[in-house]
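Colleague: Can you keep this structure in mind? I'll have questions shortly.
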Amino acid sequence: MDARQMKIKAAEAALSHVEDGMRLGIGTGSTAEEFVRLLAEKVAGGMRIEGVPTSERTARLCLELGISLKSLDELPELDLTIDGADEVDAKLRLIKGGGGALLREKIVAAASARMIVIADETKVVDTLGAFKLPIEVNPFGLVATRKAVEKVAARLGLSGDIVVREGGDGPFMTDGGHLILDASFGRIPDPEALASALNFIPGVVEHGLFIGLASLAIIAGPNGARTLSA
Ligand code: 5RP
């Protein structure tokens, strides 16, 4: 089974949690896109869902495939969000934001009664941090904010490069008009401590540590899908 087939397996398993009439948060990334394609087939077959996308990219794909969308302001309470992740640990703590959508992804997940993560085995880790931690920051005061992140990291015994993410033509801009700092910490032994320290830095809009949000992860490997629960 190749990487794409594993993503499809996880997405298929997630689809069985979607019920007619649900208000659904729809994630971002290549795994979430497999889910969108399968969901579109169900919708074409008569399933009614109300979808709230976590990015402009996901919104475009949903609309192309005939999935009608609402804004989170129209539907501020959702039944379920299905989204990918860059890393998942045994406590269902996640790193997200590899696709740059972490802010909307976290707002949508927090507005949902349940969040299910879909991923392949390569995303499961013992300790978060091998994947660069995305930190969404306001462009104003970028240098000061980066220094503040470095200080917080040092206080927690973390070190590594913290770089502004590049896009095709200059710095990568999020859907909210912010920049992303990618922090190569290597290992984050205490994600809760780092998350709350980052939350106190004024220029940090959001970070990619998702803690206490996912209730189930569907992990696809060469021999099929397994689940991890919180
Ligand atoms: C986007 C995300 C994605 O869910 C994450 O990057 C995983 O993407 P993929 O399924 O392509 O590996 O957080 O901001």
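Colleague: Residue 168 versus (1) modelled with pLDDT of 95 or more; (2) away from the ligand (no atom under 13 Å from the Cβ); (3) over 14 Å from the mean Cα position of the chain (by Cα): which is the lone unmet condition?
Modeller: (1)
Colleague: Which numbered condition trips up residue 187, out of (1) under 20 Å from residue 105 (Cα atoms); (2) surrounded by fewer than 20 Cβ atoms within 10 Å (Cβ to Cβ); (3) not β-branched (Val, Ile, Thr)?
Modeller: So the condition that residue 187 fails would be (1).
Colleague: When the range 130-144 is examined, which residues are found to be β-branched (Val, Ile, Thr) and open to solvent by 10 Å² or more (accessible area, probe 1.4 Å)?
Modeller: Selection gives 143 alone.
Colleague: Separate question: Can you go through 113, 119 and tell me which one is at pLDDT 95 or above, more than 16 Å from the ligand (Cβ to nearest atom), more than 22 Å from residue 194 (Cα to Cα) and outside any helix (DSSP H, G or I)?
Modeller: Just a single option satisfies the conditions, and that option is 113.
Colleague: If you don't mind, there's one more thing I want to ask. Are any residues in the range 1-39 of a type outside the set (A, V, I, L, M, F, W, C) and surrounded by 16 or more Cβ atoms within 10 Å (Cβ to Cβ), and if so, which ones?
Modeller: Passing the criteria: 7, 9, 12, 23, 25, 27, 28, 29, 31, 33, 34.
Colleague: Right, next: Those residues that are surrounded by 18 or more Cβ atoms within 10 Å (Cβ to Cβ) and touching a strand residue (DSSP E or B) at 6+ places or on another chain (Cβ under 7 Å), I need them from the range 40-57; list them, please.
Modeller: 49, 51, 52, 53, 54
Colleague: Can you tell which of 201, 218 is in contact with a Ser or Thr (Cβ under 8 Å, 6 or more places away or on another chain) and closer than 27 Å to residue 9 by Cβ?
Modeller: 218
Colleague: May I pose another question? So which residues in the range 109-129 are surrounded by fewer than 20 Cβ atoms within 10 Å (Cβ to Cβ) and not hydroxyl-bearing (Ser, Thr, Tyr)?
Modeller: Answer for the range 109-129, where residues must be surrounded by fewer than 20 Cβ atoms within 10 Å (Cβ to Cβ) and not hydroxyl-bearing (Ser, Thr, Tyr): 110, 111, 113, 114, 121, 124, 125, 126.
Colleague: It is to be established whether one or more residues within the range 58-73 are within 17 Å of the chain's Cα centre (by Cα), surrounded by 23 or more Cβ atoms within 10 Å (Cβ to Cβ) and within 16 Å of the ligand (Cβ to nearest atom).
Modeller: yes
Colleague: While we're looking at this one, here's another question. Please specify each residue of the range 134-175 satisfying the condition of being outside any strand (DSSP E or B) and touching a residue at least 60 places away in the same chain (Cβ under 8 Å).
Modeller: 138, 140, 141, 142, 165, 172, 174, 175
Colleague: Filter the range 88-100 for residues that are within 17 Å of residue 206 (Cα to Cα) and open to solvent by 10 Å² or more (accessible area, probe 1.4 Å); which is farthest from the ligand (Cβ to nearest atom)?
Modeller: Top of the filtered list is 93.
Colleague: Kindly list the number of the only condition in (1) more than 16 Å from the ligand (Cβ to nearest atom); (2) part of a helix (DSSP H, G or I); (3) not acidic (Asp, Glu) that fails for residue 104.
Modeller: (1)
The values are calculated or read from the model by the stated rules, or taken from the named source; none is laboratory data. Keep in mind that what you see is a predicted model, and the values were worked out from it rather than measured. Cβ atoms come from the backbone with ideal geometry, glycine included; neighbour counts cover every protein chain shown. Accessible surface areas use protein heavy atoms only, side chains included; no ligands, DNA or RNA. Shrake-Rupley method; radii C 1.70, N 1.55, O 1.52, S 1.80 Å.
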